[in-house]
Amino acid sequence: MSVYTTEIASDKIVSDNPIHQRLLRAYYLAQDFVKGDLLEIGCGEGRGVDLLSPLCDSYVAIDKIQEVIDTLSAQYPQVTFLQGNIPPMSDLKDEQYDVVVSFQVIEHIKDDRAYLEEIKRVLRPGGKAIITTPNIKKTLTRNPWHIREYTAKELSTLTGSIFNKVTMKGVAGNEKVMAYYDMNKKAVEKITRFDIFNLQYRLPASVLRLPYDILNRLNRNKLQTGDQSLVASIRQDHYLLSDDAEQSLDLFCIVEK
């Protein structure tokens with residue numbers, strides 16, 4: 001598919017591998033929670049369909065990109081794929097799902113409270129949702145594709161004002177993952193040192209997206225060239241579920257209605 005920015009990591013681009021594996025890990029971690037009727041909000045290219053569909057009675061997935069929906073519908077006829085920009089999710093009935101998963105989505109949503117309230121609405125009583133999002137404390141530079149990012153405390157406070165129970169965990173990395181993270185951090189710092197006017201935080205996101213994608217792609221390719229064995233060898237199980245969300249790469253938030 002021709003839908004890639006560096007925001008949509010590919011399993012076919014070697015330099016994207018550490019990010020792809022990090023995103024894939026959330027689906028492995030979600031397996032213990034999946035049952036009954038499942039809704040995925042923001043399914044992307046269907047990274048987790050093969051893992052989760054055998055574990056549930058029904059699987060409905062929503063994404064805003066029609067090309068993605070068309071391709072996935074042909075590939076997975078047992079799954080219902082819907083195109084839509086959320087919130088709201090007006091096509092979905094109240095209390096329809098036992099589990100909702102939504103990975104790396106909330107940071108893109110302008111009205112994050114409405115998004116969470118819609119998740120609560122479609123969950124059955126006692127149902128659970130799993131939400132992942134980058135931990136802003138580990139973000140290396142402004143991502144102009146994100147409306148906002150959260151600390152663990154901020155996301156806990158927001159979700160706790162809507163759901164009956166919130167458990168905040170994180171997706172951390174082992175030594176190999178953190179070696180890549182440190183290598184990436186040094187490379188990003190070499191680029192951002194030229195931003196003496198702090199333009200990454202002053203310019204509109206729409207202006208920054210193209211240069212961000214170009215520099216991000218160049219940086220990933222350079223990291224691969226510098227240590228291809230590290231970049232290519234990172235696997236999903238090198239990412240770990242952690243009780244220390246504040247120090248994790250991603251927040252892994254489990255909420256219950």
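The values are calculated or read from the model by the stated rules, or taken from the named source; none is laboratory data. Source: prediction; values computed, not measured. FYI the Cβ positions are ideal-geometry reconstructions off the backbone, even for glycines, and counts take in every protein chain you see. Heads up: the accessible areas ignore ligands, DNA and RNA and are worked out on the full protein's heavy atoms, side chains in. Shrake-Rupley method; radii C 1.70, N 1.55, O 1.52, S 1.80 Å.
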Counting just the residues of segment 159-179 that are assigned to a helix (DSSP H, G or I) and open to solvent by 30 Å² or more (accessible area, probe 1.4 Å), which one comes out farthest from LEU249 (Cα to Cα)? GLY160
Picking from LEU116, LEU140, the residue that is of a type outside the set (Val, Ile, Thr), open to solvent by less than 40 Å² (accessible area, probe 1.4 Å) and closer than 29 Å to LEU203 by Cα would be LEU116
Are there any pairs with C-beta distances below 7 angstrom linking a residue in segment 37-54 that is at positive phi and assigned to a helix (DSSP H, G or I) to a residue that is among the acidic types (Asp, Glu) and modelled with pLDDT of 95 or more, with the two at least 6 apart or on different chains, and if so which? none
Would a scan of segment 66-75 turn up a residue that is touching a residue at least 12 places away in the same chain (Cβ under 8 Å), touching a strand residue (DSSP E or B) at 6+ places or on another chain (Cβ under 7 Å) and open to solvent by 10 Å² or more (accessible area, probe 1.4 Å)? yes
Looking across segment 188-204 at residues that are closer than 16 Å to THR139 by Cα and of a type in the set (A, V, I, L, M, F, W, C), the single one that is least open to solvent (accessible area, probe 1.4 Å) is VAL188
Residue by residue through segment 208-255, note down the ones that are open to solvent by 50 Å² or more (accessible area, probe 1.4 Å), closer than 30 Å to SER161 by Cβ and not in a helix (DSSP H, G or I). LEU240, LEU241, ASP243, ASP244
Among the charged types (D, E, K, R), open to solvent by 50 Å² or more (accessible area, probe 1.4 Å) and at negative phi: does that describe ASP182? yes
